[in-house]
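A.B. asks: Dumping the structure here so I can ask a few things about it.
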Amino acid sequence: MAESLPGPLAGVRVLEFSLVFSASYAGIQLSDLGAEVVKVEPPGGEPFRQLGGTIPGHGKNFQWANRGKQSLVVDLARPEGLAVIHRLLPATDVVLINYRPGVAERLGIDYESLAAHKRDLIYADINGFGTQGPLAGHAASDIVAQAYGGAVALDAKIDPAGAPISPSLPVGDLPAGLAAAMG
């Protein structure tokens with residue numbers, strides 16, 4: 001078997017704070033390019049570990065979205081948990097995050113808080129409506145992006161009650177994650 005060469009991002013460390021797919025997909029891309037990606041999860045793991053799996057804690061969506069990554073359990077609601085993140089920052093190059101607006105600030109992992117510990121930190125915050133404008137403070141998910149963008153209506157699938165059915169492919173999250181990684 002041929003020995004694999006290190007990727008172009010070998011030596012780059014990424015801390016990923018994510019749920020579902022946009023930041024997770026960015027982390028996959030960076031890992032595939034050779035970066036060391038550390039997925040930070042709360043005690044008990046992220047909720048999507050259970051979705052679609054036959055083995056508890058190993059749902060297929062979770063496995064796919066976190067392949068090639070290391071996992072670190074940290075309780076960010078406790079000062080000791082945040083201290084762990086602060087100790088990792090000197091050796092961290094990139095932070096990926098896709099939490100709801102205001103969550104990173106509440107947990108102390110927003111850009112300003114983390115950059116105080118590492119000035120040259122690259123911080124990619126993927127969110128549904130940006131940081132300015134009338135919807136900036138609103139939470140979003142892939143299905144919300146698809147609805148706002150018209151993809152749900154274009155799919156034209158409805159349930160028996162007439163409500164739109166969510167498309168099965170996260171067409172908002174995947175390109176957002178790819179764009180964040182390539183950025």
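The values are calculated or read from the model by the stated rules, or taken from the named source; none is laboratory data. These numbers come from a predicted model, not from an experiment. Note that we place each Cβ from the backbone using ideal geometry, even for glycine, and neighbour counts take in every protein chain shown. Protein only, heavy atoms only, side chains kept; ligands, DNA and RNA dropped before computing areas. Shrake-Rupley method; radii C 1.70, N 1.55, O 1.52, S 1.80 Å.
A.B. asks: Would you point out the residue of segment 1-31, among those that are at pLDDT 95 or above and charged (D, E, K, R), that is farthest from F48 (Cα to Cα)?
C.D. replies: Residue satisfying both the conditions and the ranking: R13.
A.B. asks: Can I ask one more? Taking segment 101-134, which residues are in a loop (DSSP other than H, G, I, E, B) and surrounded by fewer than 14 Cβ atoms within 10 Å (Cβ to Cβ)?
C.D. replies: Within segment 101-134, the first condition is being in a loop (DSSP other than H, G, I, E, B), and the residues that meet it are 101-102, 108-110, 116-121, 126-134.
Scanning segment 101-134 gives G102, A116, R119, D120, G130, T131, Q132, G133, P134.
A.B. asks: Shifting gears a bit: So, V144, is that one open to solvent by less than 70 Å² (accessible area, probe 1.4 Å), of a type in the set (V, I, T) and assigned to a helix (DSSP H, G or I) or not? Give the derivation first.
C.D. replies: On the way: open to solvent by less than 70 Å² (accessible area, probe 1.4 Å): yes; of a type in the set (V, I, T): yes; assigned to a helix (DSSP H, G or I): yes.
So V144 fits the description; yes.
A.B. asks: So which residues in segment 1-21 are part of a loop (DSSP other than H, G, I, E, B), touching a helix residue (DSSP H, G or I) at 6+ places or on another chain (Cβ under 9 Å) and either without any contact (Cβ under 8 Å) to a residue 60 or more places away in the chain or basic (K, R) (or both), if there are any at all? Lay out the reasoning, then the answer.
C.D. replies: Applying the first criterion (part of a loop (DSSP other than H, G, I, E, B)) to segment 1-21 yields 1-12, 18-21.
Narrowing further to those that are touching a helix residue (DSSP H, G or I) at 6+ places or on another chain (Cβ under 9 Å): 7, 9, 12, 18-21.
If the condition is that a residue be part of a loop (DSSP other than H, G, I, E, B), touching a helix residue (DSSP H, G or I) at 6+ places or on another chain (Cβ under 9 Å) and either without any contact (Cβ under 8 Å) to a residue 60 or more places away in the chain or basic (K, R) (or both), then G7, L9 are the ones that fit.
A.B. asks: While we're looking at this one, here's another question. Pairs please, first residue from segment 131-144 and touching a residue at least 40 places away in the same chain (Cβ under 8 Å), second anywhere and not in a loop (DSSP other than H, G, I, E, B), Cβ atoms under 6 Å, 6+ apart in sequence or on different chains.
C.D. replies: So the pair list comes out as D142/D173.
A.B. asks: Of the conditions (1) over 13 Å from N98 (Cβ atoms); (2) within 16 Å of the chain's Cα centre (by Cα); (3) assigned to a helix (DSSP H, G or I), A179 satisfies every one except a single condition; which number is it?
C.D. replies: The single condition A179 does not satisfy is (1).
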